[in-house]
Amino acid sequence: MKTQLLWLTLALAASFALPCSAQTTAATDQCETDDPTTYAADCAAAAKLKTALKSNDRQTVANLIDFPLQRVSPLPPIRNAKEFLVHWDEYFDAVTTKQLLDEKPSQYGWRGIAMVNGMVWFKEGRITAINENTAAAEKALKDAKEGEAKALYPAARGYDRLVQHCSTKTLQVRAQKHGDDLRYFAWKRGAPLSGKPQLALRNGTYEDAGSDGHATLTFKNNGYTYQLDNGAGICGEDCNSYLTVLKGQKTVSRQVCK
């Protein structure tokens, strides 16, 4: 009798359980992609995010993230789930949550699955980026920039956007947007950024190298050209950024800028 009851229990459980293949199909049905097999894990993660947001299950959202989660400079990256939960309001508020719940995840070319025009990105079943646009995120960025200004050389303060900040073996480099002006600052590595830069240039150009996040920033001074190749975004074998210095057409130096 006990054996019969056990088999009956297992049979009932099996009848209500949704097979893994059916779960995957359900997720990809709610995901706009021309390659359901490749992006099955991403579509499933997006579906899980929407379910968690509906019930305000913050821990499940945090568990979906591939840390560290980068933020707009000078805000530091979010290193783990505990930090993320502290900064939850910078990522999700009533507006962003509604946008995510109302829209299907979609494939953006070869770059993968994202939601709401790149608000949230997925890769291999994990969240790899969340682009903040909440009021709390804007305030956090404003406060960070004001706090950083105290440690910056006066000419480097008051920027609208920090485009790139990296260090070579010998230099600390910043490229910043001040209105329509793209500026370049370089200090000796290890020197305080409050001191006068070794080199400060203006009127740089920004060349977007494509839809993958790469860009080249170019500055010119007395026959020399300084190029910052931004390796951020989706990249292949080499994800490094580089600082290249040319005299005329001849390369004087080329260093990784981390």
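Laid out as a table, the results:
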{"quantity": "Tensor-based shape of segment 88-160 (alpha-carbon gyration tensor, a/c under 1.5 rounded, otherwise prolate or oblate)", "calculated": "prolate"}
{"quantity": "Whole-percent carbon and sulfur share, accessible surface of segment 102-230, 1.4 Å", "calculated": "47 percent"}
{"quantity": "Solvent exposure of segment 99-227 as accessible area per residue, Å², 1.4 Å probe", "calculated": "53 Å²"}
{"quantity": "26 Å Cα-Cα reach of Lys123 towards lysines, excluding residues that sit fewer than 8 places from it in its own chain", "calculated": "Lys48, Lys50, Lys54, Lys82, Lys98, Lys104, Lys258"}
{"quantity": "Cα gyration tensor category, rounded, prolate or oblate, for segment 127-217 with a/c compared to 1.5", "calculated": "oblate"}
{"quantity": "Given charges at beta-carbon only (K, R positive; D, E negative), |dipole| of segment 105-258 in Debye", "calculated": "760 debye"}
{"quantity": "Cα-centre dipole for segment 129-179 with unit charges at Cβ (Lys and Arg positive, Asp and Glu negative), debye to 20", "calculated": "220 debye"}
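The values are calculated or read from the model by the stated rules, or taken from the named source; none is laboratory data. Fair warning: this is a prediction, and the values are worked out from it, not measured in the lab. Virtual Cβ from ideal backbone geometry, glycine too; neighbours counted across all protein chains shown. The area values use the complete protein model at the heavy-atom level, side chains included, leaving out ligands, DNA and RNA. Shrake-Rupley method; radii C 1.70, N 1.55, O 1.52, S 1.80 Å.
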